[in-house]
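Scroll down for the structure; my scribbles are underneath it.
The values are calculated or read from the model by the stated rules, or taken from the named source; none is laboratory data. All values derive from a computational prediction rather than experimental measurement. Positions of Cβ are backbone-derived with ideal geometry, glycine not excepted, and every protein chain shown enters the neighbour counts.
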Amino acid sequence: MRFNGALLGRGFWIYVWRITDGDREILYVGRTGDSSSPHASSPFKRICQHLDAGPNAKANSLARQLKREGYPPERCAFEMVAVGPLFPGQSDMELHKTFRDQAGALERALADHLRAAGRTVIGSHPPAVPCDEKIREQLCRLVDEKLGALILSR
């Protein structure tokens, strides 16, 4: 495993997992900063939670969705692009909700962008508040570049 220490930083991040199983590929779009706490975690922490195979795991939505799609996690290869932190973490729950909602809107916009480009995207991306168009454009461009580099490097 190799990663940049910046992934340990807390705040509101958007990330995309590129998961392959042989010649099959699927993408998962997610974000840090949920409704349970005013503290947005790091992408690194989410990696651990997403793939937790323990019997009491609750935040392992990626692993559950992969299994539903016929991608056994232990047989897959994982690559992640994380962008952020787009917004700093907040200590106040009301401020947290404002940034959480904006991160949710960007997460949804990126998932829609990738689907429109013909990619298979899993994950729950409910309708969201309108997002900042400038940030959305930059996010989509950066992710497209990074995903293209991941594909070319294989």
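As for the stretch 20-39, it holds at least one residue that is in contact with a Lys or Arg (Cβ under 8 Å, 6 or more places away or on another chain), modelled with pLDDT of 85 or more, surrounded by fewer than 22 Cβ atoms within 10 Å (Cβ to Cβ) and of a type in the set (Asp, Glu).
Is it the case that the stretch 77-95 has a residue that's within 25 Å of residue 119 (Cα to Cα), in contact with a Cys (Cβ under 8 Å, 6 or more places away or on another chain) and not in a loop (DSSP other than H, G, I, E, B)? No, the stretch 77-95 contains no residue that is within 25 Å of residue 119 (Cα to Cα), in contact with a Cys (Cβ under 8 Å, 6 or more places away or on another chain) and not in a loop (DSSP other than H, G, I, E, B).
For the stretch 1-31, the tally of residues that are without any contact (Cβ under 8 Å) to a residue 40 or more places away in the chain, farther than 21 Å from residue 148 by Cβ and in a loop (DSSP other than H, G, I, E, B) stands at 1. Taking first residues from the stretch 53-77 that are surrounded by fewer than 11 Cβ atoms within 10 Å (Cβ to Cβ) and partners that are in a helix (DSSP H, G or I), the Cβ contacts under 7 Å between residues at least 6 apart in sequence or on separate chains come to 53/63. Which residues, counting only those in the stretch 114-154, are closer than 14 Å to residue 27 by Cβ, among the polar types (S, T, N, Q) and modelled with pLDDT of 90 or more? Selection gives 120 alone.
Screening residue 145 on (1) free of Cβ contacts under 8 Å to residues at least 12 places away in the same chain; (2) over 14 Å from residue 18 (Cβ atoms) shows it passes everything except condition (2). Within the option set 129, 121, being touching a residue at least 24 places away in the same chain (Cβ under 8 Å) and surrounded by 12 or more Cβ atoms within 10 Å (Cβ to Cβ) holds for one residue only, 121.
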